[in-house]
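**Student:** Got a structure here, written out as structure tokens. Questions coming.
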Amino acid sequence: MPWKLDSSRPIYLQLMERIQHDIISGVYRPGDKIPSVRDLALEASVNPNTMQKALSELERSGLVYSQRTSGRFITEDEKMLKKMKMDLAAEHIQQFFEQMHHLGFSDEEALDLIRETLRRKNNEPDS
Amino acid sequence: MSPILECRNLTKKYGGSYALSGLNLTLERGEIIGLLGPNGSGKSSLIKLAAGVLQPTAGEILLSGKAPGAETKRFVSYLPDRSYLGRQMRVSEAVDYYNTFYDNFRPERASGMLDSLEIDRRARLSSLSKGTLEKVQLILVMSRDADLYLLDEPIGGVDPAARDYILQTILTNYNENATVLLSTHLISDIENILDRVLFLRGGQLALNASVDEIRTEYGKSVDTLFREVFKC
Amino acid sequence: MLRKLIKFDLKSGARIFLLLHGILLAVGLSGRLLFMNHLDFSEATPALVSSIVLFASLTLFLLMAVCFCTWLLIAVRFYRNLFTGEGYLTWTLPASAVEHLWAKIISGIIWYTLDCLVVAAVILMLVTGQNVTDAYSVIAPEVTAELGMPLSTFGLYLFIVMIISCFSSVIMTYFCIAVGQLFPAHRVLCAIAAYFISGLIIQAVSMGLMLLLKLFPGINLSILNGEQLAQYMFSAITLSIAIMFAVSAAEYAAVHYIMKKKINLL
């Protein structure tokens, strides 16, 4: 199954995001070996060089480390994984607020809406 | 090491019209390169010149530093944009033919791919459907350990499912030191597997950039950019 | 590489060639058994003569047809293999233009030589029956005197000339096809034109040479005796072989150049 990729943003960025997402959602666990560049490229139906670039970037950020002979592994540094999670969460939250601004809500109103939505959702199972 | 392909002022004239005029181009090893351009922009001519089935009118084309000839044909694997195998041949005979003439042909690789497609070795090529014949041809071409693969419209005439198979075949079989140059007009289908794209217009290079460069710089896909550049 | 090319070329034409010559041999054999062996030469009746004439012309027609088919096979293989869709495969093999050319020349000569051998075998098969040789031995001295040599020797010379002309015919064929492909719009038509034009030129030149060397068959050919006739034949054959070689050399040079520098597949 080729990965779903957006056609207007750089491919390697999207590959990085996808792998980060897989780490957070538990497809890969800390310390897991990740497949070879070639296999990943085939799975995603993308150019191996682009996949290589994405992994190198992940390596540079420290999320992935490589051992000369045995391949690439997900970092076991929990702090770093947590930080990545926080970063991604911050990014999503920021995007959310941006969109709410587009719709004409202030930060306060948006927060109220979130609280309202949560309350309704929590009440639902009881009713 | 000299670049895998180099064109210096490469010109090809048919009668009074130019298919290529003064093309200068250098391609490095280890990339999958899309050759894009509207009909008649010189894509096919460039590939044929590199394959050695056309002679340049002026300028030169060098493959790994050598003019096309018996020597370069050893490491160049060429898929023409038409059927080129004897119609009366059987599939097994075509495999045998490649195996006889090319030192770098890997019969076990061809066998594996033919098996996975369940293609009958005893079938005559004339009895195969157009799509199957194109797949057989691609299998033969990609079963060689070549340094340069020249693929002229490899996904032109086949349905989307076959298209995916063909792209997978290219990705699986090319090694990281080899270069793949493939021409197509179906850009969006192959954008993700390309390192680099070349736009040809009127026999000249209009753009030579990596796919991610284009996306970063223009914020749009190669397909969209192509439609803008070549708007009628 | 040359060996592989020749092998594949012979293999791909083998079926039609063997079929054709198998039929010819079968027809020759049955002609001998069913027709020639039943001829009685003791009485020269008009019926005998006309049946022989009819049979001979049929045989001649058949032999010529098979020769023509062999030639066609050689020409079509050269054209199709190098200048049509198949050319895309042929010209991307790791072989040089000269290797391709010689592979085709050698396989062409092999076809032609085999063809000549089969034709000679069929003729021998038809005329070596006891009844025929007995009948011939009666007129043998006359024929020998007329030709200036025994008929068998004469036949052998003819055979040798035929084999040599195979070589020049192969080169000539390839020359015409290669010239034809210089004109992408009308390749076959131009090949045929090349055949007639080059044929015309060669004819004119060899006529001129014959006149120059006083070998032109004049009106007094009929009054030559056997000895003189043989001598005339020898000089004519030598001259035509010499011309053939010169023409073949020139045509070879042209094909060689075209194959090396002018290959532009459509």
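The values are calculated or read from the model by the stated rules, or taken from the named source; none is laboratory data. These figures come from a predicted structure and were not determined experimentally. Positions of Cβ are generated from backbone atoms using ideal geometry, with glycine treated the same way; all protein chains shown enter the neighbour counts.
**Student:** Could you tell me how many of the residues in the range C:1-21 are within 18 Å of B:M89 (Cα to Cα), within 14 Å of chain B (Cβ to nearest Cβ) and not β-branched (V, I, T)?
**Tutor:** Total satisfying the criteria: 11.
Condition check ((1) closer than 22 Å to B:D164 by Cβ; (2) among the aliphatic types (A, V, I, L, M)) across all residues:
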position: A:Q14; (1), (2): yes, no
position: A:E17; (1), (2): no, no
position: A:V27; (1), (2): no, yes
position: A:D32; (1), (2): no, no
position: A:R38; (1), (2): yes, no
position: A:L42; (1), (2): yes, yes
position: A:V46; (1), (2): yes, yes
position: A:K53; (1), (2): no, no
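A quick yes/no check of all residues on (1) over 24 Å from C:I177 (Cα atoms); (2) among the aliphatic types (A, V, I, L, M); (3) within 27 Å of the chain's Cα centre (by Cα); (4) within 14 Å of chain B (Cβ to nearest Cβ):
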{"site": "C:I23", "(1), (2), (3), (4)": "yes, yes, yes, no"}
{"site": "C:D40", "(1), (2), (3), (4)": "yes, no, no, no"}
{"site": "C:L48", "(1), (2), (3), (4)": "yes, yes, no, no"}
{"site": "C:A75", "(1), (2), (3), (4)": "no, yes, yes, no"}
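**Student:** A follow-up question, please. I'd like the residue in the range C:89-108 that is under 13 Å from C:V255 (Cα atoms) and within 12 Å of another protein chain (Cβ to nearest Cβ) and, out of all such residues, is surrounded by the most Cβ atoms within 10 Å (Cβ to Cβ). Even if it seems obvious, please write down each step before you answer.
**Tutor:** Quick first cut of the range C:89-108, residues under 13 Å from C:V255 (Cα atoms) only: C:97-102, C:104-105.
This time we only want the ones that are within 12 Å of another protein chain (Cβ to nearest Cβ), so: C:97-100.
Values: C:A97: 21, C:V98: 13, C:E99: 18, C:H100: 24.
So, considering only residues that are under 13 Å from C:V255 (Cα atoms) and within 12 Å of another protein chain (Cβ to nearest Cβ), the one surrounded by the most Cβ atoms within 10 Å (Cβ to Cβ) is C:H100.
**Student:** Here is a further query. Can you name the number of the only condition in (1) in a helix (DSSP H, G or I); (2) aromatic (F, W, Y); (3) in contact (Cβ under 8 Å) with a residue 12 or more places away in the chain that C:F61 fails?
**Tutor:** Evaluating C:F61 over (1) in a helix (DSSP H, G or I); (2) aromatic (F, W, Y); (3) in contact (Cβ under 8 Å) with a residue 12 or more places away in the chain leaves (3) as the failure.
**Student:** What is the one condition in (1) over 23 Å from B:L171 (Cβ atoms); (2) surrounded by 14 or more Cβ atoms within 10 Å (Cβ to Cβ) that A:S45 does not satisfy?
**Tutor:** Against the list (1) over 23 Å from B:L171 (Cβ atoms); (2) surrounded by 14 or more Cβ atoms within 10 Å (Cβ to Cβ), A:S45 comes up short only on (1).
**Student:** With the structure loaded, tell me whether C:Y257 is of a type in the set (F, W, Y), modelled with pLDDT of 90 or more and either more than 22 Å from the chain's Cα centre (by Cα) or surrounded by 12 or more Cβ atoms within 10 Å (Cβ to Cβ) (or both) or whether it fails that test. Break it down stepwise before answering.
**Tutor:** Details: of a type in the set (F, W, Y): yes; modelled with pLDDT of 90 or more: yes; either more than 22 Å from the chain's Cα centre (by Cα) or surrounded by 12 or more Cβ atoms within 10 Å (Cβ to Cβ) (or both): yes.
The answer is yes for C:Y257.
**Student:** Tell me which helices (runs of 4 or more DSSP H) are completely within the range C:71-161 and hold 1 or more residues being of a type outside the set (D, E) and modelled with pLDDT of 90 or more, or say none if there are none.
**Tutor:** In the range C:71-161, the matching helices (runs of 4 or more DSSP H) lie at C:87-90, C:97-127.
**Student:** Every residue in the range B:71-96 that is farther than 14 Å from B:S126 by Cα, facing another protein chain (nearest Cβ under 7 Å) and buried (at least 20 other Cβ atoms within 10 Å of the Cβ), please.
**Tutor:** Once the filter is applied, which keeps residues that are farther than 14 Å from B:S126 by Cα, facing another protein chain (nearest Cβ under 7 Å) and buried (at least 20 other Cβ atoms within 10 Å of the Cβ), the range B:71-96 yields B:K73, B:Y78, B:P80.
**Student:** Restricting the search to the range B:58-70, which residues are within 24 Å of B:E153 (Cβ to Cβ) and facing another protein chain (nearest Cβ under 10 Å)?
**Tutor:** Within the range B:58-70, just B:P68 meets the criteria.
**Student:** Of the numbered conditions (1) within 14 Å of chain C (Cβ to nearest Cβ); (2) in a loop (DSSP other than H, G, I, E, B); (3) surrounded by fewer than 18 Cβ atoms within 10 Å (Cβ to Cβ); (4) not charged (D, E, K, R), B:L54 fails exactly one; give the number of that condition.
**Tutor:** Single failed check for B:L54: (3).
**Student:** Hey, C:L114 hits all of (1) over 24 Å from the mean Cα position of the chain (by Cα); (2) closer than 25 Å to C:L24 by Cβ but one; which does it fall short on?
**Tutor:** Every condition holds for C:L114 apart from (1).
**Student:** Condition first: within 11 Å of another protein chain (Cβ to nearest Cβ) and either within 15 Å of C:S12 (Cα to Cα) or part of a helix (DSSP H, G or I) (or both). Can you find one or more residues in the range B:101-109 that meet it?
**Tutor:** Yes: one or more hits.
**Student:** Related question: If a residue has to be within 14 Å of chain C (Cβ to nearest Cβ) and hydroxyl-bearing (S, T, Y) to count, how many in the range B:37-51 make the cut?
**Tutor:** Result for the range B:37-51: 2.
**Student:** Can you tell me which residue is farthest from the other protein chains (Cβ to nearest Cβ) among those in the range B:185-224 that are closer than 28 Å to B:V158 by Cα and among the hydroxyl-bearing types (S, T, Y)?
**Tutor:** If we take residues in the range B:185-224 being closer than 28 Å to B:V158 by Cα and among the hydroxyl-bearing types (S, T, Y), then B:S210 is farthest from the other protein chains (Cβ to nearest Cβ).
**Student:** While we're on this one: Tell me, yes or no, whether the range B:124-138 has at least one residue that is within 11 Å of another protein chain (Cβ to nearest Cβ) and under 30 Å from B:S41 (Cβ atoms).
**Tutor:** Of all residues in the range B:124-138, those within 11 Å of another protein chain (Cβ to nearest Cβ) come to B:137.
Restricting the remaining residues to those that are under 30 Å from B:S41 (Cβ atoms) gives B:137.
Yes, because at least one residue in the range B:124-138 is within 11 Å of another protein chain (Cβ to nearest Cβ) and under 30 Å from B:S41 (Cβ atoms).
**Student:** Quick check: anything in the range B:139-152 farther than 20 Å from B:G30 by Cα and either of a type in the set (D, E, K, R) or surrounded by fewer than 20 Cβ atoms within 10 Å (Cβ to Cβ) (or both)?
**Tutor:** no
**Student:** Here is a further query. Out of the range C:125-144, which residues are surrounded by 13 or more Cβ atoms within 10 Å (Cβ to Cβ) and hydrophobic (A, V, I, L, M, F, W, C)?
**Tutor:** Looking only at the range C:125-144, we keep the residues that are surrounded by 13 or more Cβ atoms within 10 Å (Cβ to Cβ), and these are C:125-127, C:129, C:131-132, C:135-136, C:140, C:143-144.
Answer for the range C:125-144, where residues must be surrounded by 13 or more Cβ atoms within 10 Å (Cβ to Cβ) and hydrophobic (A, V, I, L, M, F, W, C): C:M125, C:L126, C:V127, C:V132, C:A135, C:A140, C:V143.
**Student:** Okay, next question. I'd like the residue in the range A:49-66 that is within 13 Å of chain B (Cβ to nearest Cβ) and over 17 Å from the mean Cα position of the chain (by Cα) and, out of all such residues, is surrounded by the most Cβ atoms within 10 Å (Cβ to Cβ).
**Tutor:** For the range A:49-66, the residue satisfying everything is A:T50.
**Student:** When you scan the range B:153-184, how many residues do you find that are of a type in the set (A, V, I, L, M, F, W, C) and within 8 Å of chain A (Cβ to nearest Cβ)?
**Tutor:** Counting residues in the range B:153-184 that are of a type in the set (A, V, I, L, M, F, W, C) and within 8 Å of chain A (Cβ to nearest Cβ) gives 2.
**Student:** I've got another one for you. Checking A:S8 against (1) modelled with pLDDT of 90 or more; (2) within 13 Å of chain B (Cβ to nearest Cβ), only one condition comes out false. Which one?
**Tutor:** All conditions pass for A:S8, except number (1).
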